[in-house]
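Below: one structure, written as structure tokens.
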Amino acid sequence: MIFTSTTARQISFLIGAFFLFAPFCRMFAQTVPVEPKIVIAPANQKVATKQNRNKVFRGSETSAEKSIVVDAKVNISLCIAEGRLKINGWERSEIRVFVGGGGEVGFKVLQKNKQNNAVWVMVTGFGAAQNREKSGEECLSGEEIELDVPRGAVVNVKGSASEMTIEAVRKVDIKIVSGDISLNNIAEGINAATYNGDVTVENSGGAMTLESANGSIVAFDAAPSEIGDIFKAKTSGGAITLQQIEYRQTEISSNTGSLKFTGEFQNGGQYDFRTVSGGILLVIPEKSSCKLNATYGFGRFNSELKLDIITENNTSKARSIVGSMGKGDANVNLTTYSGAIRIKKQ
Amino acid sequence: MTQKCYDAGMIQAFLDGELASDVTETVARHVSVCDDCAILMATAEEESAAAYSILEQEFNTLVPTQRLWTKINDSIEKEKKSFWKPIFDFLLQPQAAAFAGLLLVAVVSVGLLTVKQNVPVDLTAQNNAQEQTAIQPILNNKSLTVSPTLPSAPEVKNVPAVDYRPNPSVFRAVKIAYVQREANRTPRNQPIKNADAVNPALTETVLGEASYVKTIATLTETVNNRKDEALDSSSRFAFERDLAVTDDAIKQMRKQVRENPRDEAAKQILRSSYQNKIDLLNSVADKTELMASLR
């Protein structure tokens, strides 16, 4: 009854037949194995990983050495990916760089003075014939990296893993992720930070900011180069030891490490020692002149030297002692939460 | 006054008009001579007024929602009528019916094959619908959810608009929830990340504490986001240890200063501990910055 028209019947038959067999055709097509795609990787392809990203892998593993004439007060910037770094000041107006067991080395002059001498130089991990785009990162890498620089040079170093020894330059600014820093005979200031290592400063001058996350800080024979230079040292878990520090403004802090100061207080000086759980030890001359404010929580206070008590407050959880020695020229603040405060005779 | 005072529940029931007439009269007589109950009733009235004012916006938004759905429903009905009528007329013809039947078989076959091949189904419409249902009620009490779900198409006709005003018992529950929330009021939309950060200006124990707390909160957020990449296991251990020691010092000294606001020694230690914590957090933040600059 439905199929009243012949044409309609034929069309319906054809469409029905097509769709009746279509699923079988499709199923058959799915059984035909598809040839897998195989992508062949280049044989010499380097894989960039975090470990080798900053390294200089170009060139041979042999030594590289280069030098450049610069101004006597040149500013030098460099980045160290890996290796022991030694920087030594010399009398020449010239920078010499030696990299042993590592990659290449080069200079990039960023600024010149009127005499056409370089006053700002970047030491790079690629040679002059190369450029950064072709060579990758600019950080130096090698077993031994040595620089001879003018004594008047200002050295800026940043790096990831390195042990550094810098001697006899004018000023130093260092920030490294990991490694020890040793500085000697730095004339006009130090800004040094390592987040996993120790900092040692010896026989130096100028404003100083020394920082370590886990390591210790040791400084001895340091003095300001100008009036108003400040000495700051802070570490989270390490100890701080200071000996013969002649700054009038000194700020020392550690969270869980101990603080030790050996030497004289300067006239009119301001000294702040802060720690949470570490102890504070002052080893000072018998004739010291200072006003001392010791505040402590669960710790204790002990002095071998005579201290004229001005005020003393004791509560259940905090105590403070304000006293003076001699004329009371310097102000010394000692604060600890659970550590002990001791004053010993030098 | 010889009669015993009424509790808050009875007073509220009185205000809501839920009591029997004789009880209502008794309560009214008692309240007129009892100062305590009069104060209680005044307080309850104030709370009711406050709750009404807070919920007013919600009351107002519910009625238009119903109207809107009614309009939408009418529109859909109109569209259904106008769209399907010519199709049904066309299908009444026999040739068209045969062709449509075959076409239907074909479409179903192809559809089944498509499903077998795991062709991803577009869920956008469903997701959008779910997003629309995520309109949060003002109150936190789940039993008092106001307009939680958008009805599906067949239910559109019977969307109930919730109005608490004629229902005193529900309104009372709403009001209690409001009053409790007001009693435990904390700043809205501000998750409490640090116990020290709870409204520091009001509880400042030493001068400049708010500044310390703000700085610490900012640094803590920065460090928490990056410390996993910046600190190896040993450094992380040392950091957490130092942080715990410092936090303990801060906690103890804050407590001491609150108990004895004149304890200058405790204040000094508290300031020192705050500064130590800032230094500690700064150290990690600086390390992260240095590592990023070396990449």
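A few points about this structure:
- Annotation: extensible slack from B:Ala42 through B:Leu19 equals 6.5 nm (criterion: 0.36 nm per residue apart, minus Cα-Cα distance).
- Distance between the modelled labels on A:Lys345 and B:Glu240, one decimal in nanometres: 4.8 nm (7 Å Cα→Cβ projection).
- Qualifying GluC sites (Glu not before Pro) in the range A:194-263, DSSP loop, other Cβ atoms within 10 Å at most 14: A:Glu226
- Protection proxy ranking of A:93-105, B:219-231, B:11-23, A:305-317 - average other beta-carbon atoms within 10 Å, highest first: A:93-105, B:219-231, B:11-23, A:305-317
- Interface area, A with B, accessible, probe 1.4 Å, both sides summed, Å² nearest 100: 3800 Å²
- Backbone N under 18 Å from the A:Glu312 label point (7 Å along Cα→Cβ), restricted to the range B:258-279: B:264-266
- Rounded Å value of the spacing that divides the Cα centres of the range B:1-44 and the range A:264-278: 69 Å
- Rounded, prolate or oblate (a/c below 1.5 giving rounded, otherwise prolate when a/b exceeds b/c) for the range A:237-346 by Cα gyration tensor: oblate
- Summed residue charge, Cβ within 12 Å of B:Tyr6's Cβ, Lys/Arg positive, Asp/Glu negative: 0
- Hypothetical label at B:Asp232: residues of the range A:184-219 whose amide nitrogen lies under 14 Å (7 Å Cα-Cβ projection): A:195-198, A:214-215
- Filter on A:Lys175/A:Lys232; A:Lys234/B:Lys251; A:Lys86/A:Lys175 - keep pairs with C-alpha separation over 18 Å: A:Lys234/B:Lys251
- Simple label model, 7 Å out from Cα along Cβ direction - B:Thr218 to B:Leu112, nm: 6.7 nm
- Applying 1/(1 + (r/R0)^6) with R0 = 35 Å to the Cβ-Cβ distance of A:Thr62 and A:Leu110 gives a FRET efficiency near 0.80.
The values are calculated or read from the model by the stated rules, or taken from the named source; none is laboratory data. Model, not experiment: these values are computed from the prediction. Glycine gets a Cβ as well: all are built from the backbone with ideal geometry, and neighbour counts include every protein chain shown. Protein only, heavy atoms only, side chains kept; ligands, DNA and RNA dropped before computing areas. Shrake-Rupley method; radii C 1.70, N 1.55, O 1.52, S 1.80 Å.
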